[in-house]
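What follows is a short report on a single structure.
The values are calculated or read from the model by the stated rules, or taken from the named source; none is laboratory data. In this text the structure is predicted, and so the values were computed from the model without any measurement. A quick note on method: Cβ atoms are made from the backbone with ideal geometry, for glycine too, and the neighbour counts reach across all protein chains shown. The area values use the complete protein model at the heavy-atom level, side chains included, leaving out ligands, DNA and RNA. Shrake-Rupley method; radii C 1.70, N 1.55, O 1.52, S 1.80 Å.
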Amino acid sequence: MKNDRIGICLIGAGRAGMIHANNFMKRVSNASMKCVVDVVPETARSAAEKLGISRYSVDYREILDSSDIDAVVVVAPTHLHREIVVACAGAGKHILCEKPMALNAQECEEMENAVARNHVKLQIGFMRRYDADFVRAREAVDSGDIGEVVLIRSSTRGPSKPHPWMYDIKRSNGVLAEVNSHDVDTIRWFSGSEVKTVFALGGNYRNREIAAEYPDYYDNLVVTGEFANGVQYVIDGAAYVQYGYDVKLEVVGTRGVIRVAREEATGVQWITKENGIHTPFVKSWTDLFKDAYLEEDARFVDCILHDKQPQVTGHDGKMAVRIVEAGNRSIAEKRIIELS
């Protein structure tokens, strides 16, 4: 690190990856984008051009020996996370890894071990922990405003049709991982405990044309259970709802309730005789959590510069993956799964 500026390489130049890259390029002080990696040559080249840098590659291994790269942002497909994180940790690179952390808890442990062995930072991309509204809600819970927490409900419903690779549960871990990992982390964060029981139901309601080829695929799910401290929880999730990007949190206490929900894309309402009241719905997570991504990225750099523990650790990522695994097992076996 020269002049306290963290040199960063992006691995995976999709939508989420470019949000991180633009933050590090333009909005996070003490950070400098050095390289973009994507397995698709045109995507890598185009991303580098948009960022105004000249360096790009189709193979992340080419940057492992680069002395000007101090950290990587891993936004590759989930099944590649373990390989990339272990290799980058071995090369002494600090790591911001997008969710889900990996496909299973064993892979997560290998990643944690590699990070510990090489004394580098690992931060998992659960950006809701950096969102101002979610932070305020957590502070209100901690202050006892609603008494003791009884129930946590968290919901995410995505508008887009899933990418074909998501239909294969063995490859993607399903909607519970790809869409609802944030909800899994949120309920852990707000409960202050670990999940004890998991019961989940899933069904394919919006993508029935692929049901014969992928009979295990689900695009709608409900997960419920109990934490070790007795707090109850419910997660509901969906993919391809089409009407917008829908995120809600409700924390019910013994003396009140806290809700976080932002549905309206604008403060402007249209009121007409023909259509009544009309308000546009939030279309994308890229708009809803733009500031949370920026705060997440700034905290990552701060952790490196000042040798701090990331707020969202590999352990948090691993526990979320364990719950996802249990949820998918519950859907398949139609029974309650108990976690030790």
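Assign unit charges at the C-beta atoms only (+1 for Lys and Arg, -1 for Asp and Glu), then state the dipole size of region 288-340 relative to its Cα centre in Debye, rounded to the nearest 20.
Value, rounded to 20: 360 debye.
Mind checking which of G244, V321, G125 is farthest towards the positive end of the chain's charge dipole, using Cβ charges of +1 (Lys, Arg) and -1 (Asp, Glu) about the Cα centre?
It is G244, whose Cα lies furthest towards the positive end.
Given Cβ point charges of +1 (Lys, Arg) and -1 (Asp, Glu) and nothing else, what value in debye, to the nearest 20, does the dipole of region 177-310 about its Cα centre take?
460
Which is farthest toward the positive dipole end of the chain among T224, A21, I8, measuring Cα position about the Cα centre, with Cβ charges +1 (Lys, Arg) and -1 (Asp, Glu)?
Farthest along the dipole direction, towards plus: A21.
Can you tell which of V268, V58, V252 shows the greatest fluctuation in a Gaussian network model of the chain with Cα springs below 10 Å?
Largest GNM mean-square fluctuation: V268.
Among A332, T43, I152, which residue has its Cα furthest toward the positive end of the charge dipole of the chain, with +1 on Lys/Arg Cβ and -1 on Asp/Glu Cβ?
T43
Of A21, A320, A211, which is the most mobile in a GNM of the chain whose springs link Cα atoms less than 10 angstrom apart?
Per the Cα network of the chain with a 10 Å cutoff, A211 tops the list.
In degrees from 0 to 90, rounded to the nearest 10, what is the angle of the helix 132-142 Cα long axis to the longest principal axis of the chain?
60
Taking 0.36 nm per intervening residue step and subtracting the Cα-Cα distance, what contour gain separates R45 from R117 on full extension?
Full extension from R45 to R117 adds 22.5 nm.
Which entry in [x] 1.45; [y] 1.01; [z] 1.05 matches Cα Rg over 2.2 N^0.38 Å derived from the coordinates of this structure?
Checking each listed value against the structure points to [y].
Please work out the C-alpha center-to-center distance from region 161-177 to region 1-58 and express it in whole Å.
When both Cα centres are located, 27 Å separates them.
Please give the contour-minus-distance gain from K308 to S193: 0.36 nm per residue of separation, less the Cα-Cα distance, rounded to one decimal in nm.
Between K308 and S193, full extension yields 39.1 nm more.
Mind telling me which of I124, I271, I146 comes out most flexible in a GNM of the chain, alpha-carbon contacts under 10 Å?
Comparing I124, I271, I146 in a Gaussian network model of the chain, the most mobile one is I271.
Excluding residues fewer than 8 places away in the same chain, name every one of the lysines whose C-alpha is closer than 27 Å to that of K283.
In chain and number order, the partners are K26, K50, K99, K161, K248, K273.
Is region 97-198 best put as rounded, prolate or oblate by its Cα gyration tensor, with a ≥ b ≥ c the root eigenvalues, rounded for a/c under 1.5, and otherwise prolate when a/b is larger than b/c, oblate when not?
Taking the square roots of the gyration eigenvalues as a ≥ b ≥ c, region 97-198 is oblate.
Run the quick spin-label model on A87 and V58: label points 7 Å from Cα toward the beta carbon, then report their separation in nm to one decimal.
Calculated label separation equals 1.4 nm.
Give the calculated FRET efficiency between K170 and Q242 to the nearest 0.05, with a Förster radius of 35 Å applied to their Cβ-Cβ distance.
E between K170 and Q242, to the nearest 0.05, is 0.85.
Place a +1 charge on the Cβ of each Lys and Arg in the chain and a -1 charge on the Cβ of each Asp and Glu, then give the dipole magnitude about the Cα centre in debye, rounded to the nearest 20.
Dipole of the chain, to the nearest 20 debye: 320 debye.
Would you mind calculating the gained length between H163 and S66 on full extension (0.36 nm times residue separation, minus the Cα-Cα distance), in nm to one decimal?
31.6 nm
Given a 1.4 Å probe and the protein chains all in place, what does the accessible area of D4 round to, in Å² to the nearest 10?
Approximately 100 Å² of D4 is accessible to the 1.4 Å probe.
Indicate, rounded to the nearest 5 percent, the antiparallel portion of the DSSP beta bridges found entirely in the chain.
Antiparallel bridges: around 55 percent, rounded to the nearest 5.
Which of rounded, prolate or oblate describes region 59-150 when judged by the alpha-carbon gyration tensor and an a/c cut-off of 1.5?
Judged from the Cα gyration tensor, region 59-150 comes out prolate (a/c at least 1.5, a/b above b/c).
Quick one: how many Å² of D70 are accessible to a 1.4 Å probe, rounded to 10?
Approximately 20 Å² for this residue.
Taking the Cα centroid of region 181-249 and of region 261-335, what is the distance between the two, rounded to the nearest whole Å?
The distance from the Cα centre of region 181-249 to that of region 261-335 comes to 14 Å.
FRET efficiency for A211 and R27, Cβ-Cβ distance as r, R0 = 45 Å, nearest 0.05?
0.55
So how much accessible area does Y56 have, in Å² to the nearest 10, using a 1.4 Å probe?
Counting only protein heavy atoms, the figure is 100 Å².
Compare H182, H278 by solvent-accessible area with a 1.4 Å probe and give them largest first, with all protein chains kept in place.
Ranked from most to least accessible, the order is H278, H182.
Counting pairs of alpha carbon atoms under 8 Å apart in space and at least six apart in sequence, what relative contact order in percent does the chain give?
The value is 20 percent.
In degrees between 0 and 90, to the nearest 10, how far off the longest principal axis of the chain does helix 105-118 point, with axes built from Cα atoms?
Rounded to the nearest ten degrees, it is 40.
Kindly provide the pair-distance distribution of region 241-296 built from C-alpha pairs, with 5 Å bins from 0 and whole-percent values in order of increasing distance.
Taking all Cα pairs of region 241-296, the binned fractions are 4, 15, 17, 18, 18, 14, 9, 3, 1 percent.
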